[in-house]
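Participant: A single structure is presented below for examination.
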Amino acid sequence: MRIFWRILIAIGGLLALLLVGVWIAVHTVDFKSLIGPIQARVKEATGRDLLVGGGVDLKLSLEPKVVIEDVSLANAPWGKAPQMITAQRVEAQVALLPLLRRDFQVKSFKLVDPVIALETDAKGVGNWQFANATPSATPGAPSAPAAIGGLFVGDLAIVNGILTFRDGENGKLTTLTITDFELNARDPQSAVSARFRGSVDDIAITLEGDLGPLASLAQRRWPYPVALKGQINGQQASVDTKIKVQDQTVTLDPLELGIGKSKVVGQMNVVSGKARPRLSFKLAATTLSLADLALPVKAGAVRPATAPVKSRYVFSDAPIDLGALRSVDADGELSADTLLLRDGRKLDHARLQFKLQDGVLDAPVVQAGIFGGTLAARIKIDATHDKDAALNLHVDARSLDLAAILAEAGIKRELRGGKTSVNADIAARGASLHQWADSANGSVLAVVGPASMGHPSAGGDAAFNKLADAVNPFRNVDSTTEIQCAVIRLPLSSGTSRIDRSIAIETNKIGANASGTLDFGTEMLDLSIKPQVRKGISLNIDQIASLVRFHGPFSAPVVGVDAKASAATVATLGAAVATGGASLLGQVLLKSATADGAAPCQIALGKAGARSDAPPATAAQPAPSNDLGKALGKLLGRQWTDR
């Protein structure tokens, strides 16, 4: 028992001596005298001035806390902001025992109300790159334990801070608002727990998780693990990766990202220090939703006093911002088993390969399952000239579902079959969809296979119904139309398609070819459609139009019968008219029930010629009879007008 009391008395004595020593150390250290040497050391290491506008205070406890008011670090000489960092208050809690030796080991470090301005110059040099900074230690080289640049900070915190990043090349400013940020570690060799709550511009972010040891980061021992989860923009989010930094390349491999319904895995590299940063990646997703990636509208954005003027064109004339294609170089591959578009449509087995170099985007592989079929495309956009970007597009789509295509166009039909293929080769220039359409050169071909189409009730797509009624009178008596084929072949030259019977449809009872023009600049169409009865089908003359005119703006075409205008349209295309058009309609152009000739779809495909219905050039023909006109007017639900 005596030994126990002796040990207790000895410990009490040592504790008393320790407290006396702490009191002496605290009261003999002039903390303000440390400001000068610290400023000199910062100036030597960074080439920047460290200013302390307030006082230095010590709050006594078992782990004393040093509080410095009004601190700032000067910015680079070329920087926009005068100070790179300012803080209303800096708090540093130091270890007690080293303090007796006047050795400060920081247990915690907190910045209160800081403003941090990061920026690059026009060449991509960052203001965090200090002119006097010494080269980093060789990766893997030994360093003093529990030290980062000679100083270990156990807990790092930022409260109510603002961090801005200004891109010196394009002037874009990104703002990071920090509600609170914490890094906690027991020692340099232990994993770091991290927590962040704040926002990037108007995107709310809350993340927490684990990082690798601080010693690994300080000594550049790669790879460095990062595993965080939380919420981004109100959606569950996660990131799990290992980081490697070598020269000016940051590698994330493996990389696993999740947000909302989307989850992608793969690897990514970011190369900086050049005229443009370079991004390369290879990512794969089971499900990728574009809605998960949508960014909110910036709250501070200035809204116009009046609503924006709506484009009067089907192909919008709103300028397309292609500036992003000139701000970065990239190459990548992205695949998704299921790609969910913003409008709710789903693409299967989507795959994209692309390369972006010097403002030229080349995507040789664009693939997806769409409308029940497959789509393969090649896209090239040269955005080196902002207002005159060049587009080259090749599309090969097969086995598409016609009902799904019509539904997407707003035309609802009960339809079975109708597998559709689409091929397009288009070259265009401009700064909007409308300019691209107006300058398009190339061709578009769509072919529809056998289908059974139900007839809708009155209303709905009225123009489509009137056109179908004019061309096919059997719609009024048959419950369905049995389509055998349909072809749309559009040769494009400077935004205009001049059609010579290259649009066609065949049913089990009737066939029709169309000729005319589609002007994508003015977005006006003028088509003359010539029906013909299939062989063996009986029909009275007043039950079918000889020529149907489908004309007007793309957004609201109308159906009519105009003998002179229809004949003139056909005549300008050289569609077997040698008399200027008047003689063509001077006779009834209805093929007889026993007539024979090339199939309309074959004509449209350019695989067969048609027997001319035009009489000899010298044969004068009488004008169309008024009785025929009345019959056609009755069919179209209006009175005949002889223009």
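Participant: If you take the residues in the range 413-454 that are in a loop (DSSP other than H, G, I, E, B) and touching a strand residue (DSSP E or B) at 6+ places or on another chain (Cβ under 7 Å), which one is surrounded by the fewest Cβ atoms within 10 Å (Cβ to Cβ)? Full working, then the answer.
Facilitator: The initial filter retains those residues of the range 413-454 that are in a loop (DSSP other than H, G, I, E, B), namely 413-414, 418, 431-432, 439-440, 449-450.
So of that shortlist, the ones also touching a strand residue (DSSP E or B) at 6+ places or on another chain (Cβ under 7 Å) come out as 413-414, 418, 431, 439-440, 449-450.
Numbers: 413: 18, 414: 12, 418: 22, 431: 19, 439: 20, 440: 27, 449: 15, 450: 15.
Among those that are in a loop (DSSP other than H, G, I, E, B) and touching a strand residue (DSSP E or B) at 6+ places or on another chain (Cβ under 7 Å), it is 414.
Participant: Given the criteria under 22 Å from residue 116 (Cβ atoms) and touching a residue at least 60 places away in the same chain (Cβ under 8 Å), does residue 272 qualify?
Facilitator: Details: under 22 Å from residue 116 (Cβ atoms): yes; touching a residue at least 60 places away in the same chain (Cβ under 8 Å): yes.
Criteria met by residue 272.
Participant: Okay, next question. Which one of 393, 341, 402 is under 30 Å from residue 452 (Cα atoms) and surrounded by 18 or more Cβ atoms within 10 Å (Cβ to Cβ)? Step through it out loud before you land on a result.
Facilitator: On the way: 393 fails: under 30 Å from residue 452 (Cα atoms); 341 fails: surrounded by 18 or more Cβ atoms within 10 Å (Cβ to Cβ).
Exactly one of 393, 341, 402 is under 30 Å from residue 452 (Cα atoms) and surrounded by 18 or more Cβ atoms within 10 Å (Cβ to Cβ), namely 402.
Participant: Pick from the range 150-177 the residues that are part of a strand (DSSP E or B) and within 22 Å of residue 107 (Cα to Cα): which of them is farthest from the chain's Cα centre (by Cα)? Spell out the reasoning first.
Facilitator: Of the range 150-177, the ones part of a strand (DSSP E or B) are 151, 155-166, 173-177.
After this cut, where a residue has to be within 22 Å of residue 107 (Cα to Cα) as well, the list is 151, 155-161.
Numbers: 151: 44, 155: 39, 156: 37, 157: 35, 158: 34, 159: 34, 160: 33, 161: 31 Å.
Filtering first and then ranking leaves 151.
Okay, residues lined up against (1) out of contact with any Pro (no Cβ under 6 Å at 6 or more places or on another chain); (2) closer than 30 Å to residue 324 by Cα:
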residue	(1), (2)
155	yes, no
161	no, yes
182	yes, no
186	yes, no
196	yes, yes
199	yes, yes
218	yes, no
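Participant: Could you tell me whether the range 253-267 includes any residue that is under 30 Å from residue 350 (Cβ atoms), assigned to a loop (DSSP other than H, G, I, E, B) and in contact with a strand residue (DSSP E or B) (Cβ under 9 Å, 6 or more places away or on another chain)? Break it down stepwise before answering.
Facilitator: Narrowing the range 253-267 to residues under 30 Å from residue 350 (Cβ atoms): 253-267.
Still in the list and also assigned to a loop (DSSP other than H, G, I, E, B): 260-261.
Of the ones still in play, those that are also in contact with a strand residue (DSSP E or B) (Cβ under 9 Å, 6 or more places away or on another chain) are 260-261.
Yes, some residue in the range 253-267 is under 30 Å from residue 350 (Cβ atoms), assigned to a loop (DSSP other than H, G, I, E, B) and in contact with a strand residue (DSSP E or B) (Cβ under 9 Å, 6 or more places away or on another chain).
Participant: Can you list residue pairs whose Cβ atoms sit under 6 Å apart, with the first residue in the range 275-299 being under 22 Å from residue 175 (Cβ atoms) and modelled with pLDDT under 85 and the second being in a loop (DSSP other than H, G, I, E, B) and open to solvent by 60 Å² or more (accessible area, probe 1.4 Å)? Count only pairs 6 or more apart in sequence or on different chains.
Facilitator: Close Cβ pairs satisfying both conditions: 296/202; 298/202; 299/202.
Participant: Which one of these does residue 379 not meet: (1) in contact (Cβ under 8 Å) with a residue 40 or more places away in the chain; (2) surrounded by 17 or more Cβ atoms within 10 Å (Cβ to Cβ)?
Facilitator: It fails just one condition, (1).
Participant: Which members of the range 354-367 meet the condition of being open to solvent by less than 50 Å² (accessible area, probe 1.4 Å) and under 16 Å from the mean Cα position of the chain (by Cα)? If you could, list the steps in order and put the result at the bottom.
Facilitator: Just the residues of the range 354-367 that are open to solvent by less than 50 Å² (accessible area, probe 1.4 Å), to begin with: 354, 356, 359-361, 363, 365-366.
Correct list: 354, 356, 361, 363, 366.
Participant: Return the residues of the range 203-216 that are within 35 Å of the chain's Cα centre (by Cα) and either open to solvent by less than 30 Å² (accessible area, probe 1.4 Å) or in contact (Cβ under 8 Å) with a residue 24 or more places away in the chain (or both); say none if nothing qualifies. Break it down into steps so the answer makes sense when it comes.
Facilitator: First pass over the range 203-216, keeping only residues within 35 Å of the chain's Cα centre (by Cα): 203-212.
Those that are within 35 Å of the chain's Cα centre (by Cα) and either open to solvent by less than 30 Å² (accessible area, probe 1.4 Å) or in contact (Cβ under 8 Å) with a residue 24 or more places away in the chain (or both): 203, 204, 205, 206, 207, 209, 211, 212.
Participant: So is residue 372 open to solvent by 60 Å² or more (accessible area, probe 1.4 Å), touching a Ser or Thr at 6+ places or on another chain (Cβ under 9 Å) and in contact (Cβ under 8 Å) with a residue 24 or more places away in the chain or not? Break it down into steps so the answer makes sense when it comes.
Facilitator: On the way: open to solvent by 60 Å² or more (accessible area, probe 1.4 Å): yes; touching a Ser or Thr at 6+ places or on another chain (Cβ under 9 Å): yes; in contact (Cβ under 8 Å) with a residue 24 or more places away in the chain: yes.
Taking the combined requirement at face value, the residue satisfies it.
Participant: Still on this structure, I have one more. Exposed (fewer than 15 other Cβ atoms within 10 Å of the Cβ) and either under 19 Å from residue 422 (Cα atoms) or without any contact (Cβ under 8 Å) to a residue 12 or more places away in the chain (or both): does that describe residue 350? Explain how you work it out, then say what you get.
Facilitator: Working: exposed (fewer than 15 other Cβ atoms within 10 Å of the Cβ): no; either under 19 Å from residue 422 (Cα atoms) or without any contact (Cβ under 8 Å) to a residue 12 or more places away in the chain (or both): yes.
Answer is no for this residue.
Participant: Scan the range 513-529 residue by residue and report those that are out of contact with any Asp or Glu (no Cβ under 8 Å at 6 or more places or on another chain) and part of a strand (DSSP E or B).
Facilitator: First, the residues of the range 513-529 that are out of contact with any Asp or Glu (no Cβ under 8 Å at 6 or more places or on another chain): 513-514, 518-519, 522-524, 526-529.
Selection gives 513, 514, 518, 519, 524, 526, 527, 528, 529.
Participant: Of all residues being surrounded by fewer than 19 Cβ atoms within 10 Å (Cβ to Cβ) and more than 29 Å from residue 429 (Cα to Cα) in the range 476-508, which is modelled with the highest pLDDT? Just the residue, please.
Facilitator: Within the range 476-508, the match that is modelled with the highest pLDDT is 484.
Participant: If you don't mind, there's one more thing I want to ask. Over 24 Å from residue 435 (Cβ atoms), at pLDDT 75 or above and open to solvent by 30 Å² or more (accessible area, probe 1.4 Å): does that describe residue 564? Give the derivation first.
Facilitator: Details: over 24 Å from residue 435 (Cβ atoms): yes; at pLDDT 75 or above: no; open to solvent by 30 Å² or more (accessible area, probe 1.4 Å): yes.
The answer is no for residue 564.
Participant: Going by the conditions given, is residue 350 part of a strand (DSSP E or B) and aliphatic (A, V, I, L, M)? Please lay out each step first, then the result.
Facilitator: Details: part of a strand (DSSP E or B): yes; aliphatic (A, V, I, L, M): yes.
Yes; evaluated as a whole, the condition is true for this residue.
The values are calculated or read from the model by the stated rules, or taken from the named source; none is laboratory data. Here the structure is a predicted model, which is why all the values come from computation and not from measurement. All Cβ positions, even for glycine, are placed from backbone atoms using ideal geometry, and neighbour counts span all protein chains on display. Ligands, DNA and RNA are excluded from the accessible area calculation, which covers all protein heavy atoms including side chains. Shrake-Rupley method; radii C 1.70, N 1.55, O 1.52, S 1.80 Å.
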